[in-house]
Amino acid sequence: MEQTNYGNAVYPQVSVVPDKEERKAIRKKYSRAALILLMNMLIFNLLGQGVLLIVCAILGGGFSGEAIFRGQEIILANEVLTTLFSILPPIISETAAILLGAKILKTDLKSLFVKKDGYSGGTVAKLAVLCLGLQFAAGILAAIIEMILNSFGLESYSPDLSATTSFGANLLLSFYACILGPILEELLYRGVLLQSMRKYNERFAIFLSALIFGLMHQNYQQFLLGFLLGIPLAVVTLKYDSIIPSVFTHIFVNTSGILSLYVMQYFCPEYYEASMTGDESALTAFDPGEMGIILVIGLIRIGFAIAGLVVGIVCLVKGGHMKRPTPAGKSRGLPILLSSVPWWIVFVLYFFIGFIYPFI
């Protein structure tokens with residue numbers, strides 16, 4: 001028997017190994033969380049494509065293949081419509097998952113937005129520096145993996161967040177990527193998912209929420225970034241029992257990435273085009289002005305990588321690491337989750353969509 005601490009509450013003593021009834025209750029809660037994720041995945045991948053198909057048919061004047069193709073051409077010719085159809089599926093799916101998940105898993109999301117003592121702007125600044133360093137590391141890892149895959153003749157889908165020629169389309173994309181997207185993702189992954197799992201094993205909940213956060217991006221490049229960022233975001237959320245630091249950090253990291261991309265696209269167009277097309281011969285044929293901008297951006301990223309490493313080491317030394325799971329927590333984490341069929345479905349689908357389908 002042992003006593004378990006959860007936030008500011010203290011739970012009564014529990015047996016190290018859960019009995020049959022408790023195991024069943026925990027598995028039920030895990031399965032409900034998996035079903036919420038499956039719903040999010042299905043709405044994003046199926047409903048989004050279904051609505052797009054219907055709109056293409058309406059614009060094209062019928063449901064024949066030729067009419068749908070005409071409708072698709074109409075949408076692709078309008079950058080605002082193209083951007084709108086790219087951001088609506090995740091907005092709809094994540095909003096539905098948050099609302100339904102909070103109700104089914106009994107997660108009080110409002111309490112996570114209440115200002116708590118213990119963190120400040122400095123907390124967010126340190127977390128942002130650490131995450132920007134991890135962003136740099138994830139980019140290097142993704143580049144190495146891409147080189148290895150290319151050597152075997154494999155080429156994966158790569159997300160395109162480049163700016164368009166339309167101000168309206170750029171505004172929509174920037175609003176979603178820099179503000180609305182981070183808020184929805186934090187509510188779902190550090191809110192609904194993390195909070196529903198933390199009672200049993202905090203360390204397990206942190207890694208599971210980070211893993212799913214990475215997988216939901218459905219490509220290996222963003223999986224690496226999502227998983228690496230998901231860990232410190234979850235740790236800070238649990239430490240301060242608030243989602244505010246992770247929301248602001250997520251917004252800052254996404255905004256810095258978008259701004260960096262736009263600077264490269266608008267001020268270093270030749271280098272940007274060559275890097276997007278993979279034309280190595282053209283990468284050396286740019287003017288000194290572009291070289292200076294690229295050098296500054298590179299130095300900033302390296303600086304954040306070094307600063308992030310320092311912040312990470314300091315946090316570990318000062319005890320900012322994750323709590324060690326108790327024996328009771330260990331027995332209520334992974335072993336029970338692996339006995340949940342919905343979670344196996346989640347892992348298989350995410351693995352197929354993110355790591356197999358892009359190569360087909």
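Taking segment 66-81 only, how many residues are more than 17 Å from residue 169 (Cα to Cα) and outside any helix (DSSP H, G or I)?
Here the count works out to 0.
Name the single residue that is nearest to residue 336 (Cα to Cα) among those in segment 142-179 being within 16 Å of the chain's Cα centre (by Cα) and modelled with pLDDT under 90.
142
Is at least one residue of segment 97-105 over 30 Å from residue 312 (Cβ atoms), outside any helix (DSSP H, G or I) and either touching an Asp or Glu at 6+ places or on another chain (Cβ under 6 Å) or touching a residue at least 60 places away in the same chain (Cβ under 8 Å) (or both)?
Yes: segment 97-105 contains one or more residues that are over 30 Å from residue 312 (Cβ atoms), outside any helix (DSSP H, G or I) and either touching an Asp or Glu at 6+ places or on another chain (Cβ under 6 Å) or touching a residue at least 60 places away in the same chain (Cβ under 8 Å) (or both).
Would you confirm, using the coordinates I've provided, whether residue 63 is over 23 Å from residue 252 (Cβ atoms), in a loop (DSSP other than H, G, I, E, B) and modelled with pLDDT under 90?
When the stated conditions are applied, residue 63 passes them.
Could you look through segment 130-158, keep only residues that are of a type in the set (Gly, Ala, Ser) and part of a helix (DSSP H, G or I), and pick out the one that is surrounded by the fewest Cβ atoms within 10 Å (Cβ to Cβ)? It would help to see each step written out before you state the result.
Within segment 130-158, the first condition is being of a type in the set (Gly, Ala, Ser), and the residues that meet it are 133, 137-139, 142-143, 151, 153, 156, 158.
Keeping just the survivors that are part of a helix (DSSP H, G or I) gives 133, 137-139, 142-143, 151.
On the way: 133: 23, 137: 16, 138: 21, 139: 16, 142: 19, 143: 11, 151: 8.
Going through the qualifying residues, I end up with 151.
Looking at (1) out of contact with any Lys or Arg (no Cβ under 8 Å at 6 or more places or on another chain); (2) touching a residue at least 60 places away in the same chain (Cβ under 8 Å); (3) among the hydrophobic types (A, V, I, L, M, F, W, C), can you tell me which one residue 244 breaks?
Just one mismatch for residue 244, condition (1).
List the number of the failed condition for residue 182; all other conditions in (1) surrounded by 20 or more Cβ atoms within 10 Å (Cβ to Cβ); (2) under 17 Å from residue 101 (Cβ atoms); (3) modelled with pLDDT of 95 or more hold.
(2)
Being in a helix (DSSP H, G or I) and crowded, with 20+ Cβ neighbours inside 10 Å is the filter here; which residues of segment 205-219 pass it? Please lay out each step first, then the result.
Restricting attention to segment 205-219, the residues satisfying the condition of being in a helix (DSSP H, G or I) are 205-215.
Passing the criteria: 205, 206, 208, 209, 210, 212, 213, 214, 215.
With (1) buried (at least 17 other Cβ atoms within 10 Å of the Cβ); (2) at pLDDT below 80 as the list, and residue 33 as the residue in question, which single condition is left unmet?
Failed condition: (2).
Any residue at all in segment 257-280 that is crowded, with 16+ Cβ neighbours inside 10 Å, among the aromatic types (Phe, Trp, Tyr), part of a helix (DSSP H, G or I) and at pLDDT below 75?
Within segment 257-280, one or more residues are crowded, with 16+ Cβ neighbours inside 10 Å, among the aromatic types (Phe, Trp, Tyr), part of a helix (DSSP H, G or I) and at pLDDT below 75.
Whether any residue in segment 259-273 is charged (D, E, K, R) and under 13 Å from the mean Cα position of the chain (by Cα) is what I want to check.
Here is the first cut: in segment 259-273, the residues charged (D, E, K, R) are 270, 273.
So of that shortlist, the ones also under 13 Å from the mean Cα position of the chain (by Cα) come out as none.
Checking segment 259-273: not a single residue is charged (D, E, K, R) and under 13 Å from the mean Cα position of the chain (by Cα).
Somewhere in segment 317-340, is a residue at pLDDT below 70, assigned to a helix (DSSP H, G or I) and over 25 Å from residue 39 (Cα atoms)? Outline the logic, then answer.
Restricting attention to segment 317-340, the residues satisfying the condition of being at pLDDT below 70 are 317-322.
Restricting the remaining residues to those that are assigned to a helix (DSSP H, G or I) gives 317.
Applying the additional criterion that residues be over 25 Å from residue 39 (Cα atoms) yields 317.
There is at least one residue in segment 317-340 that is at pLDDT below 70, assigned to a helix (DSSP H, G or I) and over 25 Å from residue 39 (Cα atoms).
Out of everything in segment 100-141 that is of a type in the set (Ser, Thr, Tyr) and touching a helix residue (DSSP H, G or I) at 6+ places or on another chain (Cβ under 6 Å), what residue ends up being modelled with the lowest pLDDT? Talk me through it step by step, then tell me what you get.
Within segment 100-141, the first condition is being of a type in the set (Ser, Thr, Tyr), and the residues that meet it are 107, 111, 119-120, 123.
Retained after the next criterion (residues that are touching a helix residue (DSSP H, G or I) at 6+ places or on another chain (Cβ under 6 Å)): 107, 119, 123.
On the way: 107: 91, 119: 80, 123: 85.
Step by step, filter segment 100-141, then rank; the result is 119.
List the pairs whose first member sits in segment 110-129 and is under 13 Å from residue 233 (Cβ atoms) and in a helix (DSSP H, G or I), whose second member is of a type in the set (A, V, I, L, M, F, W, C) and modelled with pLDDT of 90 or more, and whose Cβ atoms are under 6 Å apart, counting only residues at least 6 apart or on separate chains?
Going by the 6 Å Cβ cut-off, the qualifying pairs are 112/243; 124/248; 127/236; 128/252.
Evaluate the following for residue 218: is it at pLDDT below 90, at positive phi and within 13 Å of the chain's Cα centre (by Cα)? Show your work before the answer.
Details: at pLDDT below 90: yes; at positive phi: yes; within 13 Å of the chain's Cα centre (by Cα): yes.
In short, yes.
Out of 76, 88, 100, 105, report the one residue that is farther than 21 Å from residue 39 by Cα and of a type outside the set (Lys, Arg). First the steps, then the outcome.
Working: 88 fails: farther than 21 Å from residue 39 by Cα; 100 fails: farther than 21 Å from residue 39 by Cα; 105 fails: farther than 21 Å from residue 39 by Cα.
Testing whether each residue is farther than 21 Å from residue 39 by Cα and of a type outside the set (Lys, Arg) leaves just 76.
The values are calculated or read from the model by the stated rules, or taken from the named source; none is laboratory data. Being a predicted model, the structure only gives us computed values, none of them experimental. As a convention, Cβ positions derive from the backbone with ideal geometry for all residues, glycine included, and neighbour counts pool all protein chains shown.
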